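What follows draws every value from the coordinates through simple rules; no lab data is involved. Keep in mind that this is a model prediction, so the values were computed, not measured. Cβ: placed from backbone, ideal geometry, glycine included. Neighbour counts: every protein chain shown.
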Amino acid sequence: MGGTERWEVAPDAGRPQGRACSHLGLLEQSGAPGAAPSAGCRGCAPHGATWVRLRQCVTCGYVGCCDSSPGRHSYGHHARSGHPVAVSLAPDEDWAWCFPDEVFLVRARPDAADPPTGAARY
């Protein structure tokens, strides 16, 4: 990961205006990951368990399953490590999640009149 893309907090009609993420810099420094690793969720794979979707920790690269998966290993990794941001590795999703700030993050809009690129995918 070696990013040059800019990211922003996604609009959220259910929350007050002005939501912010104090961890955007981490995401912008690391960039978005590539394709999902073939090994899958590091917490599920050793036990033969299944997962729904994979998330990758922006800080260390840990790959864990999403909150819809029985193991919720991405959140568990955040809770143990304190690493704040995970990027979705699903091919049909283009967003990241900041655990402490509880916000979706999407790639910044090149033109403010356009919706965020990940808007239809989170």
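Could you please tell me which pairs satisfy a Cβ distance under 9 Å, a separation of 6+ or placement on different chains, a first residue in region 62-91 that is basic (Lys, Arg), and a second residue that is buried (at least 18 other Cβ atoms within 10 Å of the Cβ) and assigned to a loop (DSSP other than H, G, I, E, B)?
Taking only residues 6 or more apart or on different chains, the pairs are Arg72/Gly43; Arg72/Cys66.
Show the residue pairs that are 6+ apart or on different chains and have beta-carbon atoms under 6 Å apart, the first residue being within region 41-54 and free of Cβ contacts under 8 Å to residues at least 60 places away in the same chain and under 21 Å from Pro91 (Cα atoms), the second being of a type in the set (Lys, Arg) and surrounded by 15 or more Cβ atoms within 10 Å (Cβ to Cβ).
So the pair list comes out empty.
Consider region 38-81. How many of its residues are among the hydrophobic types (A, V, I, L, M, F, W, C) and part of a loop (DSSP other than H, G, I, E, B)?
Final tally of qualifying residues: 9.
Out of the residues in region 75-101 that are surrounded by fewer than 17 Cβ atoms within 10 Å (Cβ to Cβ) and farther than 16 Å from Trp7 by Cβ, which is nearest to the chain's Cα centre (by Cα)?
By that ranking, first place goes to Ala90.
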